[in-house]
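Right, one structure below, let's go through it.
The values are calculated or read from the model by the stated rules, or taken from the named source; none is laboratory data. Everything numeric in this text was worked out from a predicted model, so none of it was measured. Cβ atoms come from the backbone with ideal geometry, glycine included; neighbour counts cover every protein chain shown. Surface accessibility is based on the protein's heavy atoms, side chains included, excluding ligands, DNA and RNA. Shrake-Rupley method; radii C 1.70, N 1.55, O 1.52, S 1.80 Å.
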Amino acid sequence: MLYDAKLLDPIHHFLACETPQAWIDKASQPENLAIILCDHLLCELKAAQSAMLLLRKYAVDEQSSDTLLQWLQPFEDFAYRKIGNIDTLRGKNQLSKSIRGKKNTSYSQSLIDKMVLLIKEELHHFYQVLEIMSKRDIKYQSISAGRYAKQLFSHVSHHEPNALIDKLIIGAYIEARSCERFAKLAPHLETTLAKFYISLLRSEFRHYQDYLVLAQAISSKNIQQRIQYFAHIEAELIQTPDNDFKFHSGVPA
């Protein structure tokens, strides 16, 4: 065992199902390493983007919103417009300007504190994956998004603050599933890559917890019922056949 299995006990309790063996078998095949790494790279960026959208919509003032956009731009330029390279992205995960919260919003500072740290870590992970790809001579290729996140977000409430609470719960599920899959996949990979995936477990675990803490703090009632609602949706996406093999895809069809 490459890590303390007890670390993932809360994750396994939170998720309604484990990753199917069929996905692990396919993901661990050497010929699928390129798609796993490319999609992982994009998942890190999308996680940062999702956190940034939460900050811009719910937590920060207009000037800080522009600062956040500028922060992510080099990574988005690389991923979507093929501008830049591993050298131009080095050290770009640090935020150079301060972020100010909206006035008269009770939870804005909590969102800022947790989401800014999350973005920093996700962008650092993006760079680490790019380094791994570069060392293995795997060229980055833009790929379409899978069904997983899109389907989860399609069930978000249309009313506030319920919509924000739902988005935070979904963020928790995405981070928890990522954590679970890193742990499941690591034993089937070569040592360097396995150690890298294991090194991500604690940050992914903390991200999952941070999302849940924020969701409950913002809600005026217990969120357990809503958690169970999304648990069912998430498990169905993981356990049903999926023609589009990705890091968060379902059973390979």
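Quick notes on this structure:
- Cross-chain or 6+ apart pairs with Cβ under 9 Å, the range 129-156 first and within 18 Å of residue 245 (Cβ to Cβ) and in contact (Cβ under 8 Å) with a residue 40 or more places away in the chain, then open to solvent by 80 Å² or more (accessible area, probe 1.4 Å) and part of a loop (DSSP other than H, G, I, E, B): 133/139; 140/82; 142/82
- Residue in the range 135-146 that is at pLDDT 95 or above, assigned to a helix (DSSP H, G or I) and at negative phi present: yes
- Single condition residue 166 does not satisfy, out of (1) open to solvent by less than 50 Å² (accessible area, probe 1.4 Å); (2) in a helix (DSSP H, G or I); (3) in contact with a Pro (Cβ under 9 Å, 6 or more places away or on another chain): (3)
Okay, residues lined up against (1) more than 15 Å from residue 173 (Cα to Cα); (2) touching a residue at least 60 places away in the same chain (Cβ under 8 Å):
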site	(1), (2)
203	no, yes
214	no, yes
217	yes, yes
238	no, yes
241	yes, no
246	yes, yes
253	yes, no
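- Within the range 88-112, the set of residues being assigned to a helix (DSSP H, G or I) and either in contact (Cβ under 8 Å) with a residue 60 or more places away in the chain or loosely packed, with under 15 Cβ neighbours inside 10 Å (or both) comprises 109, 110, 111.
- Among the candidates 194, 176, 217, 231, residue that is in a helix (DSSP H, G or I) and more than 20 Å from the chain's Cα centre (by Cα): 217
- Taken over the range 197-212, the criterion of being of a type outside the set (S, T, N, Q) and assigned to a helix (DSSP H, G or I) is satisfied by 197, 198, 201, 202, 204, 205, 206, 207, 208, 210, 211, 212.
- Residue 127 meets all of the listed conditions (1) under 17 Å from residue 161 (Cβ atoms); (2) touching a Gly at 6+ places or on another chain (Cβ under 9 Å) but one, namely (1).
- One residue from 176, 183 being in contact with a Pro (Cβ under 9 Å, 6 or more places away or on another chain), crowded, with 17+ Cβ neighbours inside 10 Å and of a type in the set (Gly, Ala, Ser): 176
- Residues in the range 58-71 that are assigned to a helix (DSSP H, G or I) and either surrounded by 14 or more Cβ atoms within 10 Å (Cβ to Cβ) or aromatic (Phe, Trp, Tyr) (or both): 58, 64, 65, 67, 68, 71.
- Residue 17 fulfils the conditions (1) of a type outside the set (A, V, I, L, M); (2) open to solvent by 20 Å² or more (accessible area, probe 1.4 Å); (3) under 22 Å from residue 252 (Cα atoms) except for a single criterion, (2).
- For the range 113-138, taking the residues that are under 17 Å from residue 97 (Cα atoms) and β-branched (Val, Ile, Thr), the one that is surrounded by the fewest Cβ atoms within 10 Å (Cβ to Cβ) is identified as 116.
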